[in-house]
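Written below as structure tokens is the structure these notes are about.
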Amino acid sequence: MTVERRRGFPVRTRYDLTEAGRALRPLLVELYATGERLLRLNRPGFRDEQPPGQRVRR
């Protein structure tokens, strides 16, 4: 990742992925989606991921 800070007020910072970072993008997207699914599965009151209207309450 490259970081470019621009002077002035307010200070602005620009982030950009390197070529190696762009190559990892599919993995990062999949990890994010997996984390989101795990959070949904751990919500109180829900035991399994099912389509809306078919969820099983504990």
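Where a number appears in this text, it was derived from the coordinates with a stated rule and is not lab data. For clarity, every value in this text was computed on a predicted model and none was experimentally measured. Every residue, glycine as well, gets a Cβ built from its backbone with ideal geometry; the counts of neighbours run over all protein chains shown.
Restricting the trypsin sites (Lys or Arg not before Pro) of the stretch 3-45 to loop positions (DSSP other than H, G, I, E, B) with no more than 13 neighbouring Cβ atoms within 10 Å leaves 7. Along the stretch 20-27 the Karplus relation, 6.51 cos²θ - 1.76 cosθ + 1.60 evaluated at θ = phi - 60°, assigns HN-Hα couplings of 5, x, 5, 5, 7, 3, x, 5 Hz to successive residues, with x for each Gly and Pro.
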